[in-house]
Amino acid sequence: SQKIEQNSEALNIQEGKTATLTCNYTNYSPAYLQWYRQDPGRGPVFLLLIRENEKEKRKERLKVTFDTTLKQSLFHITASQPADSATYLCALGGSSASKIIFGSGTRLSIRP
Amino acid sequence: NAGVMQNPRHLVRRRGQEARLRCSPMKGHSHVYWYRQLPEEGLKFMVYLQKENIIDESGMPKERFSAEFPKEGPSILRIQQVVRGDSAAYFCASSPPSAAGNTIYFGEGSWLTVV
């Protein structure tokens, strides 16, 4: 069955450093991959989408890579800030109208 | 332009009662997704609907759970005869019609507690 794995342990980073989160998947050939941010008690908020034919996408301090051979995406936050502390979710979608499935998320903490 | 609206935000039900969760998608969105999230866990897909049609219900438990998205009005997730294990946050998301790769926009969730 389709499976998405994200760093199960929380990630603690010093402010100003680059945070790197990993998303690996198996038994799936997604047409696109998305990253979302979720704060406690809130709904997820969309951050970035990258398609299967794209290697890298950037948005301000965020960068996402997508390697369909390794079946892996890396999500980077540069110049991290305490306000970046949240849970980050990876999600995969197919090429036609289909469900979007999520990983279990990685909790990121940025200490001042 | 209002976002995805879910209500109620918090719902307490006794075992055996019914829970109805409502979701109004963003304006212009015709597709709705429902997800369940247990504490410290990720979002588990339940069902994907468009107006008057269920596209994918592969994540729905076989019994007690149903979902609809009528031509008029909000999408409803209905849980009959609730049990303690149904306690969770239920998130609804919506997207515009069609092409793959649409961003889905989430509501703030409905927290169900079964006592």
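Each value in this text was obtained by applying a stated rule to the coordinates, not by laboratory testing. Here the structure is a predicted model, which means the values were calculated and not measured. Note: ideal-geometry Cβ built from the backbone for every residue, glycine included; neighbour counts use all protein chains shown.
Using the beta-carbon distance between A:E54 and B:D56 and R0 = 30 Å, what value does 1/(1 + (r/R0)^6) give for FRET efficiency, to the nearest 0.05?
Details: r = 25 Å, r/R0 = 0.85.
FRET efficiency, A:E54 to B:D56: 0.75.
Using amide H atoms built in the peptide plane, which far-off residues or other-chain residues are under 5 Å from B:V12 H to H?
When sequence neighbours closer than 5 places are left aside, the close amide H contacts are B:T113.
Per residue Cα convex hull volume for the protein assembly as shown, in cubic angstrom? Mind showing how you got there, number by number?
Details: hull volume 28.7 nm³, N = 227.
Cα-based convex hull of the protein assembly as shown, divided per residue, equals 127 Å³.
Say each of A:F46 and B:S66 gets a label point 7 Å from the Cα, pointing the same way as Cα to Cβ; how far apart are those two points in nm?
Modelled inter-label distance: 3.2 nm.
Under unit Cβ charges (Lys, Arg +1; Asp, Glu -1), what dipole magnitude, rounded to 20 debye, does the protein assembly as shown have relative to its Cα centre? Don't jump to the answer; show the numbers that get you there.
Values: 30 positive and 21 negative charges, 70 e Å.
So the magnitude is around 340 debye.
Please get the size of the charge dipole for chain A, origin at its Cα centre, with Cβ charges of +1 on Lys and Arg and -1 on Asp and Glu, quoted in debye to the nearest 20.
Details: 15 positive and 10 negative charges, 26 e Å.
It comes to approximately 120 debye.
So if we plug the beta-carbon distance of A:R111 and A:K3 into 1/(1 + (r/R0)^6) with R0 = 35 Å, what FRET efficiency do we get, rounded to 0.05? Display every interim value, and only then the final one.
Working: r = 31 Å, r/R0 = 0.90.
So, using R0 = 35 Å, E works out to roughly 0.65.
Which far-off residues, 5 or more places away or on another chain, put their amide H under 5 Å from the one on B:I55, with H placed in the peptide plane?
B:Y48, B:L49, B:Q50
Fewest to most neighbouring Cβ within 10 Å: what's the order for B:L38, B:L112, A:L47?
Numbers: B:L38 12, B:L112 21, A:L47 18.
Sorted ascending by nearby Cβ count, the order is B:L38, A:L47, B:L112.
Can you give the FRET efficiency to the nearest 0.05 for A:T18 and B:N7, using r as the Cβ-Cβ distance and R₀ = 45 Å? Display every interim value, and only then the final one.
On the way: r = 40 Å, r/R0 = 0.88.
With a Förster radius of 45 Å, E is 0.70.
Can you list the GluC sites (Glu not before Pro) in segment B:59-95 that are in a DSSP coil and have 10 or fewer other beta carbons within 10 angstrom?
Numbers: sites: B:E63, B:E68, B:E72; in loops: B:E63, B:E72.
Of the GluC sites (Glu not before Pro), the ones in loops of segment B:59-95 whose Cβ has at most 10 other Cβ atoms within 10 Å are B:E63, B:E72.
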